[in-house]
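Notes follow the structure.
The values are calculated or read from the model by the stated rules, or taken from the named source; none is laboratory data. Keep in mind the model is a prediction, meaning the values are calculated, not measured. So basically every Cβ, Gly included, is an ideal-geometry build from the backbone, and we count neighbours across all protein chains shown.
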């Protein structure tokens, strides 16, 4: 899986409402590293927070207000956070239809060029940062709920490993952390930091390639010291300068790879993309992934197709530089 190839893939979400159309586009543009698509325009249940909090929404422990999950802190309900993980499938078909249809497409022989497969989960830092306790405080302020969040993410990773293992291809799972890592420095941040480390190591012990995606300003010191195989970042908005380049070179030299989110989700402009690719070509040539800067679930279908075409052009450009 980890050759010097440069592969195109997606962060996770796409703007289609038809599952089969979404997968047809994945097969067309990401034939070597297809991913299962989340489709938030099809249903709000497939949004980044809602989809990965399903068991607790189902149990009535989390309700959504203004785009944030509000977590119950009632003493008689705290044990239910753990108990409900045994009660419910963490990613049922009505919440993640793209995952189930994805496997069907493999069985129909529509991903014959695949070298691996990619899945994703919303990470514990983001779940704790973007949701709130009933008191209005971030989840960091309730140690028991914070530990339950880590357990939830672990269950979702394990479910995808078990669900996709019959495809007999290397599996990459991205832990999506758009919130970044500032909550490592907040109350109970040590639990989160150690918990993320433990999640990564547990998945790697099961033979999974683990990536971490951060579309916020990357903390390269933190990122490069996590035991991940791939670091995915927004290369369209954040430049690599000074010490950051040294952290990246060290990470690459130990066998890590970068997912270059070099195509902006807001709309592609080839001269600017070309400039950035040429600027980073020596690093990109070491192999890795080419992606959009973030998920595309709220984009337009035409924007997605433009971004995917530009992703292919980036691979062609780097290949031409390699052959010189």
Inset, instruction - Return the total of residues in the range 187-213 being in contact with a strand residue (DSSP E or B) (Cβ under 7 Å, 6 or more places away or on another chain) and not in a helix (DSSP H, G or I). - result: 6
Inset, instruction - Confirm whether residue 106 is part of a helix (DSSP H, G or I) and either in contact (Cβ under 8 Å) with a residue 12 or more places away in the chain or farther than 25 Å from residue 181 by Cβ (or both). - result: yes
Inset, instruction - Starting from residues that are surrounded by fewer than 23 Cβ atoms within 10 Å (Cβ to Cβ) and under 30 Å from residue 132 (Cα atoms), keep the ones in the range 12-34 and report whichever is farthest from the chain's Cα centre (by Cα). - result: 17
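For every residue, the table says whether it meets (1) closer than 20 Å to residue 124 by Cβ; (2) surrounded by 14 or more Cβ atoms within 10 Å (Cβ to Cβ); (3) touching a helix residue (DSSP H, G or I) at 6+ places or on another chain (Cβ under 9 Å); (4) touching a residue at least 24 places away in the same chain (Cβ under 8 Å).
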site: 180; (1), (2), (3), (4): yes, yes, yes, yes
site: 191; (1), (2), (3), (4): yes, yes, yes, yes
site: 207; (1), (2), (3), (4): no, no, yes, yes
site: 228; (1), (2), (3), (4): yes, yes, yes, yes
site: 240; (1), (2), (3), (4): no, yes, yes, yes
site: 257; (1), (2), (3), (4): no, yes, yes, yes
Inset, instruction - Considering only the range 1-29, state which residues are part of a loop (DSSP other than H, G, I, E, B) and in contact (Cβ under 8 Å) with a residue 40 or more places away in the chain. - result: 1, 2, 3, 4, 5, 9, 10, 11, 12, 14, 15, 16
Legend entry - Unique residue being within 18 Å of the chain's Cα centre (by Cα), touching a residue at least 60 places away in the same chain (Cβ under 8 Å) and part of a helix (DSSP H, G or I) when the list is 174, 159: 159
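Condition check ((1) crowded, with 19+ Cβ neighbours inside 10 Å; (2) modelled with pLDDT of 90 or more) across all residues:
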position: 75; (1), (2): no, no
position: 92; (1), (2): no, yes
position: 102; (1), (2): yes, yes
position: 113; (1), (2): no, yes
Inset, instruction - Answer yes or no: is there a residue in the range 267-286 that is crowded, with 22+ Cβ neighbours inside 10 Å, part of a loop (DSSP other than H, G, I, E, B) and either in contact with a strand residue (DSSP E or B) (Cβ under 9 Å, 6 or more places away or on another chain) or modelled with pLDDT under 90 (or both). - result: no
Inset, instruction - Find the residue count for the range 116-150, including only residues that are touching a strand residue (DSSP E or B) at 6+ places or on another chain (Cβ under 7 Å) and either outside any helix (DSSP H, G or I) or modelled with pLDDT of 95 or more (or both). - result: 14
Inset, instruction - Please go through the range 71-98 and pick out each residue that is outside any helix (DSSP H, G or I) and either under 19 Å from residue 141 (Cβ atoms) or touching a strand residue (DSSP E or B) at 6+ places or on another chain (Cβ under 6 Å) (or both). - result: 71, 72, 73, 74
Inset, instruction - Considering each residue of the range 214-250, count those that are outside any loop (DSSP other than H, G, I, E, B), more than 16 Å from residue 180 (Cβ to Cβ) and over 19 Å from the mean Cα position of the chain (by Cα), and give that number. - result: 7
Legend entry - The lone exception for residue 58 - which of (1) without any contact (Cβ under 8 Å) to a residue 60 or more places away in the chain; (2) more than 19 Å from the chain's Cα centre (by Cα); (3) not in a helix (DSSP H, G or I) it fails: (3)
Inset, instruction - Could you list, in sequence order, all residues of the range 131-156 that are within 18 Å of the chain's Cα centre (by Cα) and within 18 Å of residue 193 (Cβ to Cβ)? - result: 149, 150, 151, 152, 153, 154
